[in-house]
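Asks: Sending over a structure as structure tokens; questions will come in a sec.
Here, each number is a calculation from the coordinates, and none is a lab measurement. On a predicted model such as this, the values are computed, not experimentally measured, just so you know. Quick reminder, even Gly has a Cβ in these numbers, built from the backbone with ideal geometry, and neighbours come from all protein chains shown.
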Amino acid sequence: MTEQKDIQLASELRIVVGRLIKKLRRQSSTADKLSLTERSTMALLDQHQELLPNELAAMEKITTQSMSQVLSNLQQHGLINRRISEMDKRKAIITLSDQGRTLLYQARNERDEWLNKALNATCTSEEKIQLKKVIGTLTKLVDFD
């Protein structure tokens, strides 16, 4: 591919992936009440089980003050738990509450159901096989820094 075609491919991919992400975000009425950062923070807590606020801030690439506001809002909604570290009483350990986990999984399920319905309505079996093959390539892009 020439450099111009590479740039065109990058642009087309950016546009279609961006549109798909926006569409998926709209498919969950469950998660509508939360910001993107709040949902992402909950997903990190689900993945890592427990984290410190400064670890969450670093992972989300936001300030500790901003993360403090995110965590305060999540706690007000009963979606996270805070407990004091037994090893260092100055540190709070953050975990996802049962209610938070339920909301996170419900939102994921709503999006998965919509995407499955869209795949079945718009893609042939061969196209689904092509999509399955490209997931590895897309994962490499996501993991690139």
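Asks: Of Lys33/Lys132; Lys5/Lys61; Lys22/Lys91; Lys22/Lys61, which sit over 28 Å apart, Cα to Cα?
Replies: Values: Lys33/Lys132 32 Å; Lys5/Lys61 32 Å; Lys22/Lys91 36 Å; Lys22/Lys61 21 Å.
Cα-Cα > 28 Å for Lys33/Lys132; Lys5/Lys61; Lys22/Lys91; rest within.
Asks: I need Val17, Val134 ordered by Cβ neighbour count within 10 Å, fewest first.
Replies: On the way: Val17 13, Val134 10.
In increasing order of surrounding Cβ atoms, one gets Val134, Val17.
Asks: State to the nearest 20 debye the size of the charge dipole of the chain about its Cα centre, where the only charges are +1 on K and R beta carbons and -1 on D and E beta carbons. Provide the component values of the computation, followed by the final result.
Replies: Details: 23 positive and 19 negative charges, 63 e Å.
That gives the chain a dipole magnitude of about 300 debye.
Asks: Determine the gain in length on full extension of the stretch Thr63-Ile84; use 0.36 nm per residue of separation and subtract their C-alpha separation, reporting nm with one decimal.
Replies: Working: separation 21, 0.36 × 21 = 7.56 nm, distance 2.10 nm.
Here the segment from Thr63 to Ile84 would lengthen by 5.5 nm.
Asks: A further question on this structure: If we count other beta carbons within 10 Å of each Cβ, what is the order of Met59, Met67, fewest first? Kindly include the intermediate steps, with their values, before the conclusion.
Replies: Details: Met59 15, Met67 22.
Sorted ascending by nearby Cβ count, the order is Met59, Met67.
Asks: To continue, here is another question. May I ask you to list the trypsin sites (Lys or Arg not before Pro) in segment 52-130 that are in a DSSP loop and have at most 11 other Cβ atoms within 10 Å of their Cβ? Don't jump to the answer; show the numbers that get you there.
Replies: Values: sites: Lys61, Arg82, Arg83, Lys89, Arg90, Lys91, Arg101, Arg108, Arg111, Lys117, Lys128; in loops: Lys61, Lys89, Arg90, Lys91.
Of the trypsin sites (Lys or Arg not before Pro), the ones in loops of segment 52-130 whose Cβ has at most 11 other Cβ atoms within 10 Å are Lys61, Lys89, Arg90.
Asks: Using 7 Å Cα-to-Cβ label points, what is the Glu126/Gln49 separation (nm, one decimal)?
Replies: It is 4.7 nm.
Asks: Separate question: For Kirkwood radius over Cα pairs in Å, the choices are (1) 16.1; (2) 14.9; (3) 17.7; which was calculated from the structure?
Replies: This structure yields the entry labelled (3).
Asks: Let me ask something additional. 7 Å from Cα along Cα→Cβ at both Leu119 and Ile135: what's the point-to-point distance in nm?
Replies: Placing both labels 7 Å along Cα→Cβ, they lie 0.6 nm apart.
Asks: Do me a favour and compute the ellipsoid semi-axes for segment 39-95 from its Cα gyration tensor, root of five times each eigenvalue, largest one first, whole Å. Kindly include the intermediate steps, with their values, before the conclusion.
Replies: Values: eigenvalues 50, 33, 27 Å².
Over the Cα atoms of segment 39-95, the semi-axes work out to 16, 13, 12 Å.
Asks: A follow-up question, please. Sum -39500 (n - 2.57) across every DSSP H segment of at least 4 residues in the chain, then divide by the residue count to get the 222 nm mean residue ellipticity, nearest 500.
Replies: Values: 6 runs with 101 residues, N = 145.
That calculation yields -23500 deg cm²/dmol at 222 nm.
Asks: Let me test this: with uniform point scatterers at the alpha carbons of segment 16-65, what is the Debye-based log₁₀ I(q)/I(0) at q = 0.24, 0.28, 0.30 1/Å?
Replies: For segment 16-65 at q = 0.24, 0.28, 0.30 Å⁻¹, log10 I(q)/I(0) is -0.94, -1.04, -1.08.
Asks: Using 0.36 nm per residue of separation minus the Cα-Cα distance, give me the extension gain between Ser11 and Lys33 in nm, one decimal.
Replies: On the way: separation 22, 0.36 × 22 = 7.92 nm, distance 3.12 nm.
Between Ser11 and Lys33, full extension yields an extra 4.8 nm.
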